[in-house]
Amino acid sequence: MTDAPQMGFDTLQIHAGARPDPATGARQTPIYQSTAYVFRDAEHAAALFNLQEVGYIYSRLTNPTVAVLQERIATLEGGAGAVCCSSGHAAQIMALFPLMGPGKNVVASTRLYGGTITQFSQTIKRFGWEAKFVDFDDVEAVKAAIDDDTRAVFCESIANPGGYVTDIPTIAGISDAAGIPLIVDNTSATPYLCNPISLGATLVVHSTTKYLTGNGTVTGGCVVDSGKFDWSANNKFPSLSAPEPAYHGLKFHETFGPLAFTFHGIAIGLRDLGMTMNPQAAHYTLMGIETLSLRMERHVENALTVSKWLETHDAVDYVTYAGLESSPYNSRVATVCPKGAGGLFTVALKGGYDACVKFVDSLEIFSHVANLGDTRSLVIHSASTTHRQLSEDQQIAAGAAPNVVRISIGIENAEDLIADLDQALNKANG
Ligand SMILES: *Cc1c(COP(=O)(O)O)cnc(C)c1O
């Protein structure tokens, strides 16, 4: 089928990128479990290796099952192209890799997934890269943090551990004025709730491990390029604008235009970093993504019902869900994530750290796991787990203070979730 842009999200989440298998007519996308692809002849092989012709060479670079998922996510995000990789963290490195270099920095929000804060504050230093963390509500501080060596601005649309919505249009305005790409991690919102590209983002990254797959089976990631950034406007992005020695001096931006970042991601990123998504993982994610809109609607509905109920409970100090009128970020929902504020939020207990531990241990339907965005309801005490490596100040800045539990609301019956929370809260209180 043709993926005409006027088609609705529900149609595209099922059809974009897929067509009946040309060899067999198989209606569902086959799992192309093959490492290599036969060249028609030596000339064909040479053209593929020179990037003069697009086709399959070797599955570290491209695979037909993974390619369907890439096209599907790119379409849902309104991007020009996408590259899937082995995890969300791999996607973040793949997004930064063509932009950064030794001595260069990324200006990042303090409100990020705990693992991303660790990746950015510790591990990327080994590449000579630096992250400068800033409160993205402080517009002047974001502007002030951008310097001559800044190569990207990074934030999450709905930030983990929940309840915070980034003012993407304002941040995009700042990065645009500075001539720097804005990268938005859209994992928690998904393209159903938020379209960072239409709000001004250059690149979108995903942990497909979460809502896009939705069933807690595989890890994966994706980098989507809007195709709108002018990589050749100055000499800040030589990987994309200058001659590439590994491809006989080819210039990615000049040669591939809006697909420059995507081609670079495959031809250099996956070729040399090797953080490839395997076709089995792509299959599970393709299965999940077919029902994304239906699941997200239920996640949002349940999150609203449960968070409203929690706000009234005696054991609860406060609830941070941007869908609640009590949230300072409620006013951003209409522009940033008009179909709802997602399924993630935090609840702070009056009983502090000890009550949180007792609460988490007493839940029966909710699972205590380091994951989110599953059909199942999940819970985690971030301060003692995902945000454990952070200082208490960093924990508080990230919304993961010691008295706070993160809840990822599933798509079960809301009454059952409330009953489970009620019995656990009463135990934590008693
Ligand atoms: C889980 C997650 C990541 C990391 O993804 P992995 O697939 O676990 O590597 C990054 N960002 C956000 C917002 C996440 O929830």
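Values computed for the structure shown
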| item | result |
| --- | --- |
| Residue check, residue 186 in the same structural domain as residue 269 (by TED's automatic domain parsing) and within 17 Å of the chain's Cα centre (by Cα) | yes |
| Among the residues listed as 255, 262, 276, the single one being assigned by TED's automatic domain parsing to the domain that holds residue 85, in contact (Cβ under 8 Å) with a residue 12 or more places away in the chain and over 25 Å from the mean Cα position of the chain (by Cα) | 255 |
| Wholly enclosed strands (runs of 3 or more DSSP E) of the stretch 181-227 bearing at least 1 residues more than 13 Å from the ligand (Cβ to nearest atom) and without any contact (Cβ under 8 Å) to a residue 40 or more places away in the chain | 182-185 |
| For residue 118: the one exception among (1) over 16 Å from residue 266 (Cα atoms); (2) surrounded by fewer than 21 Cβ atoms within 10 Å (Cβ to Cβ); (3) at pLDDT 95 or above; (4) within 16 Å of the ligand (Cβ to nearest atom) | (3) |
| In the stretch 182-234, residue surrounded by the fewest Cβ atoms within 10 Å (Cβ to Cβ) [restricted to those that are among the hydroxyl-bearing types (Ser, Thr, Tyr) and over 24 Å from residue 276 (Cβ atoms)] | 198 |
| Among residues of the stretch 342-380, those that are part of a helix (DSSP H, G or I), at negative phi and not acidic (Asp, Glu), counted | 8 |
| Selection status of residue 338, under 19 Å from the mean Cα position of the chain (by Cα) and either assigned to a helix (DSSP H, G or I) or more than 16 Å from the ligand (Cβ to nearest atom) (or both) | yes |
| Any pair with Cβ under 6 angstrom, 6 or more apart, that starts in the stretch 67-87 at a residue that is farther than 15 Å from residue 54 by Cβ and among the polar types (S, T, N, Q) and ends at one that is away from the ligand (no atom under 15 Å from the Cβ) and part of a helix (DSSP H, G or I) | 75/12 |
| Any hit, the stretch 81-103, residues being crowded, with 19+ Cβ neighbours inside 10 Å, at pLDDT 95 or above, away from the ligand (no atom under 16 Å from the Cβ) and closer than 27 Å to residue 217 by Cα | yes |
| Selected residue [at pLDDT below 95, in contact with a Ser or Thr (Cβ under 7 Å, 6 or more places away or on another chain) and either surrounded by 22 or more Cβ atoms within 10 Å (Cβ to Cβ) or more than 18 Å from residue 426 (Cα to Cα) (or both)] from 292, 372, 344, 286 | 372 |
| Residue within the stretch 68-78 that is away from the ligand (no atom under 12 Å from the Cβ), under 30 Å from residue 6 (Cα atoms) and surrounded by fewer than 19 Cβ atoms within 10 Å (Cβ to Cβ) present | yes |
| Residue in the stretch 381-388 that is in the same structural domain as residue 309 (by TED's automatic domain parsing), within 14 Å of the ligand (Cβ to nearest atom) and in a helix (DSSP H, G or I) present | yes |
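The values are calculated or read from the model by the stated rules, or taken from the named source; none is laboratory data. Bear in mind that the values here come from a model prediction, so they are computed numbers and not experimental data. Cβ: placed from backbone, ideal geometry, glycine included. Neighbour counts: every protein chain shown.
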